[in-house]
Amino acid sequence: MKEEIMAMLTNNTEYMLFSIIVIVAAMVLTLLVSLIAKKLRFAKYVPGILLLFVGMFSLFMIINDLFAKSSLDNILIALFCISSGLIALLFALIIGVITKRKY
């Protein structure tokens with residue numbers, strides 16, 4: 001079982017590398033938006049929400065042909081966008097907790 005998992009991971013390194021790049025880019029974009037728009041407290045959530053929207057839209061486009069081989073590209077786009085969107089939203093939440101203003 002362990003050998004099968006390791007073989008699967010070594011065969012798909014480009015997808016793992018691409019997902020890490022997309023996640024880091026989403027986090028950097030969230031940080032930049034948070035630093036640029038300090039007075040707009042909601043602005044730091046916009047990159048994560050947009051990524052979630054793109055991922056859900058690409059998933060809903062292929063919901064009828066989900067298991068077709070031609071819809072694999074849209075499934076990958078949905079997977080990358082939804083996962084990086086969730087991580088960007090959590091990162092924005094962490095930024096909001098760290099930089100919480102006292103009134």
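The values are calculated or read from the model by the stated rules, or taken from the named source; none is laboratory data. From a predicted model like this one, the values you see are computed outputs, not experimental measurements. For neighbour counting, all protein chains shown are included, and Cβ atoms are generated from backbone atoms with ideal geometry for every residue, glycine included. Heavy atoms of the whole protein, side chains included, go into the accessibility calculation; ligands, DNA and RNA do not. Shrake-Rupley method; radii C 1.70, N 1.55, O 1.52, S 1.80 Å.
Given the condition assigned to a loop (DSSP other than H, G, I, E, B) and open to solvent by 80 Å² or more (accessible area, probe 1.4 Å), answer yes or no: does some residue in region 76-90 qualify? The answer is no, given that none of the residues of region 76-90 is assigned to a loop (DSSP other than H, G, I, E, B) and open to solvent by 80 Å² or more (accessible area, probe 1.4 Å). Suppose the filter is touching a helix residue (DSSP H, G or I) at 6+ places or on another chain (Cβ under 9 Å) and under 25 Å from Ile95 (Cβ atoms); does Lys39 pass it? Criteria not met by Lys39.
Of all residues in region 13-37, which are surrounded by fewer than 12 Cβ atoms within 10 Å (Cβ to Cβ) and either assigned to a loop (DSSP other than H, G, I, E, B) or acidic (Asp, Glu) (or both)? The answer is Glu14, and nothing else. Can you tell me which residue is modelled with the lowest pLDDT among those in region 66-101 that are within 20 Å of Ala37 (Cβ to Cβ) and among the basic types (Lys, Arg)? Selected residue: Arg101. Check whether at least one residue in region 52-70 is under 14 Å from the mean Cα position of the chain (by Cα), of a type outside the set (S, T, N, Q) and open to solvent by 90 Å² or more (accessible area, probe 1.4 Å), and report yes or no. Yes, some residue in region 52-70 is under 14 Å from the mean Cα position of the chain (by Cα), of a type outside the set (S, T, N, Q) and open to solvent by 90 Å² or more (accessible area, probe 1.4 Å).
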